Amino acid sequence: MKIRIKFQKQGNLKFIGHLDVMRTFQKLNRRAGIDIRYSGGFSPHQQMSFATPLGLGLTSSGEYVDFDMNSVPDKKTFLQMLNDVNVEEMRLLDACLLPDDAKNAMSLLAAADYTLTFREGHKIEEGFYEAFEAFLSKDSIPAVKKTKTGFREVDLKQQIRRAERRPEGLFLQLDTGSVSNCKPEFVMETFYETWGKDYDPFMFMINRDELYGEEEGKLKKLIEYGSDF
């Protein structure tokens, strides 16, 4: 059976990379005695897959990992078993039981929510929100994105699904996945370049709030692809 878990990554854990997160879950499962399925062969490993890596320095309240299980208790017991041996900053928030033919979380990804707040000591520049609204109102936002094979031009306008002003900063909903992928840091870097001002990459604290798949043009939280157990 397949289980999808939603968890948070907060506090100083934002400095832990994706491989360390994977290793942490492997240790948690062994400590908790979770009946996760192992691969065969000479070097068996736990069968799990993550939705998408979180950038170093970002926090999150909406990360996902899928487990292949041999057996599983009820959800409350399952979450408690893992949280009892976990740290608060990586607390498991929810879980669902997936159908046998369910796609893994990574293949479903379509969008992500982010909240950007100004760090203490960084003031909101005069005209910031007005300039950002003007930036978003453009018919197209050409930008050059660095890829593994070089550079390519993109229309950033097509990758920003929603943008909302908030007292402490900004809310952004961006394309996320293999087809179209946009990071909040790239949005802000492009905005400041267009605005004609220097961009300080440490200006904002960024939290990833949620991850979505998409069905018939409608976004669906990854936790909503399964059922309670």
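Please report, to one decimal in angstroms, the Kirkwood hydrodynamic radius of region 167-217 built from all distinct Cα-Cα pairs. It works out to 12.9 Å. For region 108-220, list log₁₀ I(q)/I(0) at each q in 0.17 Å⁻¹, using the Debye formula over Cα point scatterers of equal strength and ignoring solvent, two decimals each. For region 108-220 at q = 0.17 Å⁻¹, log10 I(q)/I(0) is -0.87. Ranked from largest, the principal axis spans of the Cα set of region 1-78 equal 34, 33, 21 Å. Here the calculated FRET efficiency for Phe202 and Asp94, from their Cβ-Cβ distance with R0 = 30 Å, stands at 0.45, rounded to the nearest 0.05. As a rough footprinting exposure proxy, the listed residues Asp68, Asp84, Asp139, Asp35 were ranked by other beta carbons within 10 Å of their own, and the order from fewest upward is Asp139, Asp84, Asp35, Asp68.
With K and R counted +1 and D and E -1, the other residues having a Cβ less than 15 Å from that of Glu120 yield a net charge of 0. Compared with the dominant Cα axis of the chain, that is its longest principal axis, helix 184-195 is turned about 0°. In loop segments of region 112-148 as defined by DSSP, the trypsin sites (Lys or Arg not before Pro) with at most 12 further C-beta atoms inside 10 Å of their C-beta are Arg119, Lys123, Lys138, Lys148.
What the phi angles of region 105-114 give under the Karplus curve with 6.51, -1.76 and 1.60, with θ = phi - 60°, is a coupling list of 4, 4, 6, 8, 3, 10, 7, 9, 9, 9 Hz, glycine and proline written as x. Computed from backbone phi with θ = phi - 60° and the Karplus coefficients 6.51, -1.76 and 1.60, the 3J(HN,Hα) list for region 209-218 is 8, 7, 10, 10, x, 9, 10, 6, x, 10 Hz; x is used for glycine and proline.
Between Tyr129 and Thr24, full extension at 0.36 nm per residue minus the direct alpha carbon distance yields a gain of 33.8 nm. Couplings 3J(HN,Hα) of region 123-135, computed from phi: 8, 6, 5, 4, x, 4, 5, 4, 5, 5, 5, 5, 4 Hz, in residue order, whole Hz [Karplus 6.51 cos²θ - 1.76 cosθ + 1.60, θ = phi - 60°; x for Gly and Pro].
Using Cα pairs closer than 8 Å and at least 6 residues apart in sequence, work out the relative contact order for the chain, in percent. About 26 percent, as a whole number. Were the residues from Asp35 through Trp195 laid out at 0.36 nm apart, the gain over their Cα-Cα distance would be 52.3 nm.
Among the chymotrypsin sites (Phe, Trp or Tyr not before Pro) in region 31-133, those located in a DSSP loop and surrounded by at most 11 other Cβ atoms within 10 Å of their own Cβ are Phe42. The distance from the alpha carbon centre of region 143-169 to that of region 1-60 is 28 Å, rounded to a whole number.
Once the Cα atoms of helix 18-32 and of the chain are each reduced to a long axis, what angle between those two axes, in degrees from 0 to 90 to the nearest 10, is obtained? The answer is roughly 30 degrees.
Where a number appears in this text, it was derived from the coordinates with a stated rule and is not lab data. Note that the coordinates shown come from a computational prediction; the quantities given were computed from them, not determined experimentally. All Cβ positions, glycine included, derive from the backbone under ideal geometry; neighbour counts span all protein chains shown.
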